[in-house]
Amino acid sequence: MKFLKIKNVPTVHWSSDHPLNFKPKILTLFYLVIGLIIFGFGESLLIHSMIGLSPWLVLAEGMAINFNWTIGFATFVSSVVVLLIWLPLKQRPGVGTILNIIIIAGTIDLSLYLFNFSTNSYLINLMVGSLGILLVGLGSGIYLTSNLGPGPRDGLMTGLQRVTQYPIAWVRVSIEVSVVFVGWILGGTVGVGTLLFAFGIGPAVAYGLYLVVKVNKKV
């Protein structure tokens, strides 16, 4: 359970020397994009599973209902709003921040258009949703270590971690629980999958970082 004690995003061989590097290596961009695609696909699996949306998608759905937007566009807007919250945390966006907003939203919409993983079996749907959470954690572990600027949500997570000095896992859980409450108030769909994501994403991200470090040491 060492991964639960991780407090910092580790540096690996593909990490950029600086998060504001606007001319990163191709390998760095490759891992960034792969991580974001995995993240977005993981999010989409929760939608496919029909057992409850992730907290940020609950918020996006609530916004979509109230403003007659698509969930993808609502996700984009919520990301921009979160960027504004970065200001008092002194977080600075990079290439990864911008690509995060575009690629994750695009991957979610593309997955919903191309695939249908929904079944009549609650157990299978539960497994699909759980896999989605693990993939979001893995995707986070890959793209965060690229060090090209965290996505809006992860930047909020790392910024609060730096200010509070609490472990990443517990900071992420606190954020997710708060977001799902606001999304629920707005009318977003909450279910078992929402609870699993809210309490599981922190450890999943921490484990994703742990796996990336392990793989990097073997390369």
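The values are calculated or read from the model by the stated rules, or taken from the named source; none is laboratory data. As the structure is a prediction and not an experimental result, all values here were calculated from the model. FYI the Cβ positions are ideal-geometry reconstructions off the backbone, even for glycines, and counts take in every protein chain you see. For the accessible areas, the whole protein counts, side chains as well, though only heavy atoms, and no ligand, DNA or RNA atoms are used. Shrake-Rupley method; radii C 1.70, N 1.55, O 1.52, S 1.80 Å.
For the reader, a short list of remarks on this structure follows.
- Put a dot 7 Å past the Cα of I65, heading toward its Cβ, do the same for L114, and the two dots end up 3.0 nm apart.
- Rolling a 1.4 angstrom probe over the stretch 7-47 with all protein chains present gives an accessible area of which 67% lies on carbon and sulfur atoms.
- Å² of accessible area per residue within the stretch 67-198, as computed with a 1.4 Å probe and no ligands counted: 48
- Positive dipole terminus of the stretch 1-100, leading residue within I85, N66, W56 (C-beta point charges): I85
- Averaging the sequence gap over all C-alpha pairs within less than 8 Å and six or more residues apart, then dividing by the number of residues, gives the chain a relative contact order of 39 percent.
- The stretch between V182 and L131, if pulled fully straight at 0.36 nm per residue, gains 15.9 nm over its current Cα-Cα span.
- For D17 and F73, the difference between the fully extended length at 0.36 nm per residue and the C-alpha to C-alpha distance is 16.9 nm.
- For the peptides 125-132, 16-23, the ranking by packing is 125-132, 16-23, with the highest mean count of neighbouring Cβ atoms within 10 Å listed first.
- Sorted largest first, the spans of the alpha carbon positions of the stretch 33-86 along the three principal axes are 25, 25, 16 Å.
- Point-charge dipole on Cβ atoms (K/R +1, D/E -1) for the chain, about Cα centre, debye to 20: 900
- Multiplying the residue separation of Y166 and V33 by 0.36 nm and subtracting their alpha-carbon distance yields 45.1 nm.
- Heavy-atom SASA rank of Y143, Y122 (probe 1.4 Å, accessible area, largest first): Y122, Y143
- Close Lys pairs in the chain (alpha-carbon distance under 26 Å; sequence gap of 8 or more, or different chains): 17.
- Along the stretch 28-35 the Karplus relation, 6.51 cos²θ - 1.76 cosθ + 1.60 evaluated at θ = phi - 60°, assigns HN-Hα couplings of 5, 5, 4, 5, 4, 5, 4, x Hz to successive residues, with x for each Gly and Pro.
- Label-point separation in nm, K90 to K217, each point 7 Å along Cα→Cβ: 3.3
- With 5 Å bins from 0: P(r) over the stretch 1-96, alpha-carbon pairs, percent: 2, 10, 14, 16, 19, 19, 12, 6, 1
- Convex hull volume of the stretch 81-219 per residue (C-alpha atoms, cubic angstrom): 138
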